[in-house]
Amino acid sequence: MLLFYNLIFLCYTMISIRNLTFSRGNRKIFDNISLDIMPHKITAIMGPSGTGKTTLLKLIAGQLRPDSGTLLVDQKNVHQLSRTELYKLRKKMGMLFQSGALLTDMSVYDNIAFPIREHTQLPESMIRTLVLMKLNAVGLRGARDLMPSELSGGMARRVAMARALALDPEMIMFDEPFTGQDPISLGVLVKLIKKLNQTLHLSSIVVSHNVVETASIADYIYLISEGKVAGQGTPEELNTTKSDWVQQFMQGKADGPVPFHYPAQDINSDLLSNNAKL
Amino acid sequence: MNFFQSIGHSSLKFLAKLGRSSLFFSAILTGFGYTLSRPGLLIKQLYNIGVLTFWLIAISGLFVGMVLGLQGVYTLSTFGAESSLGIMVAASLVRELGPVVSALLFAGRAGSALTAEIGLMKATEQLSAMEMMAIDPLKYIIAPRFFAGFISLPLLAALFSAIGILGGYLAGVELLNVDSGSYWSQMQGAIDFHDDIINGVIKSIIFAWLVSWIALFEGYDAVPTASGISRATTRTVVTSAFAILLFDFLLTALMFGAS
């Protein structure tokens, strides 16, 4: 019985991506990629800049269409849903944009109330309770009357986090939550992502290239490079893996399989060659 | 690329843009019911787009009317026909200058602001964020702005003409001593409600549709960077001006050409 239960648990994935290919122009961003996102875990997707990590989130949310392959969210193929079904599915997803993407003509309070007001018929008194609870969870209950332009980058991201949680989603996607943060807001954000994931039983996807912070909270990590999964596993597994590329990325070495030098001819012959154009 | 290739390339680009903008427009139309159900959004945009453009339209209308009054007296007096000044001022304003000049001013004031606003919302991912919250930005953001523009411009054009006629009165009657009675009575006798006023209103309704559509589409279709938005804003004003003048010619030919 226990085995059976475990089997069901193993088979169920929040998001399952199979043989996904996506290209922009002639450049293949993803080349036949497959990965799974488990429920109630923090899954990190890491990779060098420009590997299309944000693109992956947009594919999951159905804002972009893949060239081929399937992408199941909650057992539903995102790219075959009708617009109404897609919007219904999106209510179960929260997304934290890199910039925060707060609506600039509304206060912090109204920004968080916005999705609740649009999707429910709740009375204003109950909306107030909900908004203050969400703001309290990110520690910004006192900032409710500020406008987005008055917030620091870290605060804007926390407000955006509260807004992403407004509709009590099942999963939440973080797009580069740590980029450009000072050490204190960085610590706050790391702690918040971990805490929210545990207390709300969310499935979180963190897209980032901040190795240390991400590895400290992730349950499972996918490393993506040049359109393929270059490595995967728990943080411990990745730290002890034999792959040189994974080692270079995880430890931030300047030289390795990804060379320090842009491809060029040998330096001796380059310096000694006398064909400089004078 | 050789010459012919570049012609083909730009024609295809133009057709693709026309297609995208048509889809965009049909999406706006499906947002009509939503706009009706959310009058608060519409009223806010009517204020932003219509009310805030009023003073520009009023002052421009006054000066255009006064110039018409001065030039009218100067030209008509060579035939001793100053008493027909009212007809000249009112006919030019109601038929042509009211709809056209107010639409050009509207494109410059409200159209460019709309493009920049939508473009910046796109660049700061606010439109994407709304989609992620399962709120259609075409319904919530675009449709109320479109209908606000569509309602505002005809009203502004009517105000432009009315204030212009008063301006003509100030210049012609108060300044240059044309007879007040003949200014008003000749105007009343010669200006036809259907031929002149309704045709002018039809023109301004069509310009309102053109300018609102162009401004919102350019913003929605803008490359989401600083230079992309600045180019989109410029395109809004330039394309609107061309579209207004082209359609004005076509409409004038249809409405007044046959008689």
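The values are calculated or read from the model by the stated rules, or taken from the named source; none is laboratory data. All values derive from a computational prediction rather than experimental measurement. Reconstructed Cβ throughout: ideal geometry from the backbone, glycine too, with neighbour counts over all protein chains shown.
For the range A:85-97: of the residues being more than 9 Å from every other protein chain (Cβ to nearest Cβ) and in contact (Cβ under 8 Å) with a residue 24 or more places away in the chain, which is farthest from A:Ser125 (Cα to Cα)?
Step one: filter the range A:85-97 for residues more than 9 Å from every other protein chain (Cβ to nearest Cβ), giving A:85, A:92, A:96.
In the following step, the residues that additionally are in contact (Cβ under 8 Å) with a residue 24 or more places away in the chain were identified as A:92, A:96.
Details: A:Lys92: 24, A:Leu96: 26 Å.
By that ranking, first place goes to A:Leu96.
Among (1) assigned to a helix (DSSP H, G or I); (2) within 30 Å of A:Asn26 (Cα to Cα), there is one condition A:Ile193 misses while meeting the rest; what is its number?
All conditions are met except number (2).
So which of A:Ile224, A:Ile205 ends up being buried (at least 17 other Cβ atoms within 10 Å of the Cβ), out of contact with any Lys or Arg (no Cβ under 7 Å at 6 or more places or on another chain) and either of a type in the set (A, V, I, L, M) or in a helix (DSSP H, G or I) (or both)?
Details: A:Ile224 fails: out of contact with any Lys or Arg (no Cβ under 7 Å at 6 or more places or on another chain).
Residue meeting the stated conditions: A:Ile205.
Are any residues in the range A:172-192 surrounded by 17 or more Cβ atoms within 10 Å (Cβ to Cβ), more than 14 Å from A:Val206 (Cβ to Cβ) and among the aliphatic types (A, V, I, L, M), and if so, which ones?
First, pick out the residues of the range A:172-192 that are surrounded by 17 or more Cβ atoms within 10 Å (Cβ to Cβ): A:172-178, A:181, A:185-186, A:188-190, A:192.
When the remaining residues are screened for being more than 14 Å from A:Val206 (Cβ to Cβ), the result is A:185, A:188.
Selection gives A:Val188 alone.
Can you tell me which residues in the range A:159-177 are away from chain B (no Cβ under 13 Å) and within 14 Å of A:Thr54 (Cα to Cα)?
A:Pro177, the sole residue that qualifies.
What's the number of the condition A:Asp145 fails, among (1) modelled with pLDDT of 90 or more; (2) out of contact with any Ser or Thr (no Cβ under 7 Å at 6 or more places or on another chain); (3) not small (Gly, Ala, Ser)?
A:Asp145 satisfies every listed condition except (2).
Looking only at residues in the range A:98-115 that are more than 8 Å from chain B (Cβ to nearest Cβ) and more than 20 Å from B:Pro224 (Cβ to Cβ), which one is surrounded by the most Cβ atoms within 10 Å (Cβ to Cβ)?
A:Ile112
Would you say B:Gly108 is surrounded by fewer than 20 Cβ atoms within 10 Å (Cβ to Cβ), closer than 25 Å to B:Leu245 by Cβ and away from chain A (no Cβ under 13 Å)? Before you say what the answer is, go through the steps one by one.
Working: surrounded by fewer than 20 Cβ atoms within 10 Å (Cβ to Cβ): yes; closer than 25 Å to B:Leu245 by Cβ: yes; away from chain A (no Cβ under 13 Å): yes.
The answer is yes for B:Gly108.
For B:Gly164, only one of the following conditions fails: (1) within 14 Å of chain A (Cβ to nearest Cβ); (2) more than 23 Å from A:Phe114 (Cα to Cα); (3) among the small types (Gly, Ala, Ser). What is its number?
Failed condition: (1).
Do we have B:Pro144 as within 14 Å of chain A (Cβ to nearest Cβ) and on the phi < 0 side of the Ramachandran plot here? Spell out the reasoning first.
On the way: within 14 Å of chain A (Cβ to nearest Cβ): yes; on the phi < 0 side of the Ramachandran plot: yes.
Yes, satisfied.
Can you work out which of the residues in the range B:116-141 that are in a loop (DSSP other than H, G, I, E, B) and at the interface with chain A (Cβ under 7 Å from one of its Cβ atoms) is surrounded by the most Cβ atoms within 10 Å (Cβ to Cβ)?
B:Met133
Here is a check on your reading of the model: is A:Thr70 assigned to a loop (DSSP other than H, G, I, E, B) and not aliphatic (A, V, I, L, M)? Working first, answer last.
Details: assigned to a loop (DSSP other than H, G, I, E, B): no; not aliphatic (A, V, I, L, M): yes.
Spelling it out, it is not the case that A:Thr70 is assigned to a loop (DSSP other than H, G, I, E, B) and not aliphatic (A, V, I, L, M).
Give the number of residues within the range A:50-64 that are within 14 Å of chain B (Cβ to nearest Cβ), without any contact (Cβ under 8 Å) to a residue 60 or more places away in the chain and not in a helix (DSSP H, G or I). Outline the logic, then answer.
To start, the set of residues in the range A:50-64 that are within 14 Å of chain B (Cβ to nearest Cβ) comprises A:54-55, A:57-64.
Now narrow it down to the ones that are without any contact (Cβ under 8 Å) to a residue 60 or more places away in the chain: A:55, A:58-59, A:62-64.
Now restrict to residues that are not in a helix (DSSP H, G or I): A:62-64.
Qualifying residue count, the range A:50-64: 3.
Condition test on A:Ala44, is it surrounded by 15 or more Cβ atoms within 10 Å (Cβ to Cβ), farther than 20 Å from A:Leu89 by Cα and not basic (Lys, Arg)? So that I can check it myself, show each step before the final result.
On the way: surrounded by 15 or more Cβ atoms within 10 Å (Cβ to Cβ): yes; farther than 20 Å from A:Leu89 by Cα: yes; not basic (Lys, Arg): yes.
It is true that A:Ala44 is surrounded by 15 or more Cβ atoms within 10 Å (Cβ to Cβ), farther than 20 Å from A:Leu89 by Cα and not basic (Lys, Arg).
Of the conditions (1) farther than 26 Å from A:His40 by Cα; (2) touching a residue at least 12 places away in the same chain (Cβ under 8 Å), A:Ile221 satisfies every one except a single condition; which number is it?
Of (1) farther than 26 Å from A:His40 by Cα; (2) touching a residue at least 12 places away in the same chain (Cβ under 8 Å), only one is false for A:Ile221: (1).
Being within 14 Å of another protein chain (Cβ to nearest Cβ) and of a type outside the set (D, E, K, R) is the filter; apply it to the range A:148-158 and report the residue that is farthest from the chain's Cα centre (by Cα). Before the answer, list the steps.
Of the range A:148-158, the ones within 14 Å of another protein chain (Cβ to nearest Cβ) are A:148-149, A:151, A:153, A:156-157.
Checking the rest, the ones that are also of a type outside the set (D, E, K, R) come to A:148-149, A:151, A:153, A:156.
On the way: A:Pro148: 22, A:Ser149: 24, A:Leu151: 22, A:Gly153: 17, A:Ala156: 17 Å.
Out of the qualifying residues, it is A:Ser149.
If you go through the range B:26-43 one residue at a time, how many are assigned to a helix (DSSP H, G or I) and surrounded by 15 or more Cβ atoms within 10 Å (Cβ to Cβ)?
First, pick out the residues of the range B:26-43 that are assigned to a helix (DSSP H, G or I): B:26-30, B:32-37, B:39-43.
This time we only want the ones that are surrounded by 15 or more Cβ atoms within 10 Å (Cβ to Cβ), so: B:27-28, B:34-35, B:41-42.
The total comes to 6.
Take the conditions among the β-branched types (Val, Ile, Thr), in a loop (DSSP other than H, G, I, E, B) and either touching a Leu at 6+ places or on another chain (Cβ under 9 Å) or more than 14 Å from every other protein chain (Cβ to nearest Cβ) (or both) and apply them to A:Thr129. Does it pass? Step through it out loud before you land on a result.
Details: among the β-branched types (Val, Ile, Thr): yes; in a loop (DSSP other than H, G, I, E, B): no; either touching a Leu at 6+ places or on another chain (Cβ under 9 Å) or more than 14 Å from every other protein chain (Cβ to nearest Cβ) (or both): yes.
Taking the combined requirement at face value, the residue does not satisfy it.
Look through B:Leu93, B:Leu97 and report the one residue that is touching a Gly at 6+ places or on another chain (Cβ under 6 Å) and either away from chain A (no Cβ under 13 Å) or assigned to a helix (DSSP H, G or I) (or both).
One residue alone meets the criteria, B:Leu93.
Among the helices (runs of 4 or more DSSP H) contained in the range B:152-259, which hold 2 or more residues that are more than 20 Å from the chain's Cα centre (by Cα)? Even if it seems obvious, please write down each step before you answer.
Numbers: elements: B:180-190, B:199-220, B:226-256.
Passing ranges, in order: B:180-190, B:226-256.
What number of residues within the range B:56-113 are among the hydrophobic types (A, V, I, L, M, F, W, C) and more than 20 Å from B:Gly172 (Cα to Cα)? Full working, then the answer.
Initially, the range B:56-113 is screened for residues among the hydrophobic types (A, V, I, L, M, F, W, C), giving B:56-59, B:62-64, B:66-68, B:70, B:73, B:76, B:79, B:81, B:85, B:87-91, B:93-94, B:97, B:100-101, B:103-107, B:110, B:113.
Subset that is more than 20 Å from B:Gly172 (Cα to Cα): B:56-57, B:100-101, B:103-107, B:110, B:113.
Total satisfying the criteria: 11.
Among the residues of the range A:9-20, are any more than 26 Å from A:Thr199 (Cβ to Cβ), more than 14 Å from chain B (Cβ to nearest Cβ), in contact (Cβ under 8 Å) with a residue 60 or more places away in the chain and among the β-branched types (Val, Ile, Thr)?
no
Within the range B:68-86, identify whether any single residue is under 24 Å from the mean Cα position of the chain (by Cα) and under 27 Å from B:Arg109 (Cβ atoms), and answer yes or no. First the steps, then the outcome.
Keep residues of the range B:68-86 that are under 24 Å from the mean Cα position of the chain (by Cα), which gives B:68-69.
Adding the requirement that they be under 27 Å from B:Arg109 (Cβ atoms) leaves B:68-69.
Yes.
Exactly one condition in (1) within 12 Å of chain B (Cβ to nearest Cβ); (2) surrounded by fewer than 16 Cβ atoms within 10 Å (Cβ to Cβ); (3) in contact with a helix residue (DSSP H, G or I) (Cβ under 6 Å, 6 or more places away or on another chain) is false for A:His119; which is it?
Condition (3) is where A:His119 drops out.
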